[in-house]
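The structure appears right after this line, and notes come after that.
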Amino acid sequence: MSKIIVDQIQKTSGTALTWPAADGDADQVIKTDGSGALSFVSQSGAGKMGQVVQTAVTTTTSYAVSTTWADIAGMTVTITPTATSSKILLMTDLTVCGAATYTMHWRFDGGGTPIGIGTSATGSRTNCTQSSQSQTTRTTHNMGMTFLHSPSTTSAFVYKLQWFNETGNTIWLNRTNADGDVSYSPGCMSTITAIEVLA
């Protein structure tokens, strides 16, 4: 079998491309330095999706304590990043309901610290990720929230969802506030998902 042995390849009017002196490792690719020198490098995973972890809650829970942030029971996900440079894309889909005309707030918590919240609320106002108000005790709200977080760790990291209640209100997860024994009273599911985005 014939073969061509060269150190460089060059077009008539182009830059000479100098080949690496030795073969690279398995799955490496050829990279140029922009001046004609070629080398073998490992492929970058930047921007690619890594592991995906999800918690799905199909049961109901409620919260009636006023004006205090609290964890939403079960709405917790733990992920262990593969590198400190990885980011974590948080996504959640909540089904909630409160008493008529009362306000509800939600926020992400990462490792015990509120994350992904507004900063404009001052005085008695509340900084949160999202907020809503039930117009009737049969009005469910589907709250979709996303946030890209940088935990800067390779240890297990816990993300939670928390809620905050207006005085006199009771918030319910995965059901309406009224919840009558009728076909139009739903029993729903809520999820929290963590996706590692490789740097």
Charge-dipole axis of the range 1-118 as Lys and Arg at +1 and Asp and Glu at -1 on Cβ define it, positive-most pick from Thr78, Gly116, Gln10: Gln10
Surface accessible to a 1.4 Å probe, Arg107 within the full protein complex, Å²: 40
I'd like the Kirkwood hydrodynamic radius of the chain, using the inverse of the mean 1/r over distinct C-alpha pairs, in Å. 20.5
Taking the Cβ-Cβ separation of Val182 and Thr60 as r and a Förster radius of 22 Å, what is the calculated FRET efficiency to the nearest 0.05? 0.85
Computed from the beta carbon distance with a Förster radius of 30 Å, FRET efficiency for Ser2 and Val41 to the nearest 0.05 stands at 0.50
Could you rank Lys11, Lys87, Lys31 by how accessible they are, 1.4 Å probe, largest area first? Lys11, Lys31, Lys87
If unit charges are put on Cβ atoms (+1 for Lys and Arg, -1 for Asp and Glu) and the dipole of the range 78-183 is taken about its Cα centre, the option from Thr101, Trp163, Thr137 lying farthest towards the positive end turns out to be Trp163
Carbon plus sulfur fraction of accessible area for the chain, probe 1.4 Å, in percent: 51
Given charges at beta-carbon only (K, R positive; D, E negative), |dipole| of the range 1-150 in Debye: 420
Separation in nanometres of the label points that stand 7 Å from Cα toward Cβ, at Ser155 and Lys48: 2.8
Would you mind calculating the gained length between Thr136 and Lys11 on full extension (0.36 nm times residue separation, minus the Cα-Cα distance), in nm to one decimal? 37.6 nm
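The values are calculated or read from the model by the stated rules, or taken from the named source; none is laboratory data. In this text the structure is predicted, and so the values were computed from the model without any measurement. FYI the Cβ positions are ideal-geometry reconstructions off the backbone, even for glycines, and counts take in every protein chain you see. Side chains are part of the model used for accessible areas, which takes the heavy atoms of the whole protein and leaves out ligands, DNA and RNA. Shrake-Rupley method; radii C 1.70, N 1.55, O 1.52, S 1.80 Å.
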